[in-house]
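Peer 1: Okay, here's the structure, questions in a sec.
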Amino acid sequence: MDIVYLHGLTVDCVVGIWDWERAITQKVTIDLDMGKDISKAARSRDIEDTLNYKAVSKHVVDLVIQGEFELVETMAEEIAAALNRDFDVQWCRVRINKTGAVRGARDVGVVIERGSRQT
């Protein structure tokens, strides 16, 4: 399984369950590892044959901003579903870091894997 990755994507968004969180934006950092056969693109040298990480980035940012999620768990599930549905990704790992969510902790978040790594 080939892996296309996009790490350190930062998004200012509404995320959280508390009233004060719903009234502000907070920064989340998203790391994506996406399983996709890229051999055709390597041969053709055509971006249409690969996973366009710029298009993925824009799609994920729009989803996160518009979603106004209460939980990062829901955010991660929605991102994984979009990668599978809209970009034909067979497997993905989605890591979301909600920096500053816990006093004294540098990183807080979730990591999920969806799909099969088998080709």
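Read the figures in this text as sums done on the coordinates, not as results from a lab. Everything numeric here is computed off the predicted structure, so don't read it as measured data. Quick reminder, even Gly has a Cβ in these numbers, built from the backbone with ideal geometry, and neighbours come from all protein chains shown.
Peer 1: Per residue and in Å³, how big is the convex hull formed by the alpha-carbon atoms of the range 26-74?
Peer 2: Numbers: hull volume 4.4 nm³, N = 49.
So the per-residue hull volume is 90 Å³.
Peer 1: Let me know the shape class of the range 50-108, please: from the alpha-carbon gyration tensor, a ≥ b ≥ c as square roots of the eigenvalues, rounded when a/c is under 1.5, otherwise prolate if a/b is greater than b/c, or oblate. Please report the intermediate quantities before stating the final value.
Peer 2: Working: a/c = 2.19, a/b = 1.97, b/c = 1.11.
Because a/c hits 1.5 or more and a/b exceeds b/c, the range 50-108 counts as prolate.
Peer 1: Quick query: amide H of Val89 versus all other amide H atoms, modeled in the peptide plane; which residues come in under 5 Å with a sequence gap of 5 or more or a different chain?
Peer 2: Asn84
Peer 1: Quick one: what are the phi-derived ³J(HN,Hα) couplings along the range 12-18, Karplus 6.51/-1.76/1.60 with θ = phi - 60°, whole Hz, x for glycine and proline?
Peer 2: Along the range 12-18, the couplings run 8, 8, 7, 8, x, 9, 7 Hz.
Peer 1: Could you order peptides 57-66, 20-29, 71-80 by the average number of other Cβ atoms within 10 Å of their residues, highest first? Before the final figure, lay out the partial values.
Peer 2: Values: 57-66: 15.8, 20-29: 13.0, 71-80: 18.6.
Sorting 57-66, 20-29, 71-80 by mean packing, highest first, produces 71-80, 57-66, 20-29.
Peer 1: Taking just the C-alpha trace of the chain, give me its Rg and Dmax in Å.
Peer 2: Rg then Dmax for the chain, in Å: 15.3, 52.
Peer 1: Which residues among the range 7-26 fall inside the zone where the amide N is under 11 Å from a point 7 Å beyond the Cα of Asp107, along Cα→Cβ?
Peer 2: Once the point is set 7 Å along Cα→Cβ of Asp107, 8 turn out to lie under 11 Å by backbone N, inside the range 7-26.
Peer 1: Cross-link candidates for Lys40: which lysines have Cα within less than 21 Å, leaving aside residues fewer than 8 places away along the same chain?
Peer 2: Lys54
Peer 1: Can you compute the modelled spin-label distance between Trp20 and Ser57, with each label point 7 Å from Cα toward Cβ, in nm?
Peer 2: Modelled inter-label distance: 3.3 nm.
Peer 1: While we're here: Within straight cross-link reach of Lys27, meaning Cα distance under 18 Å, which lysines are found once same-chain residues fewer than 8 apart are removed?
Peer 2: The qualifying lysines are Lys58, Lys98.
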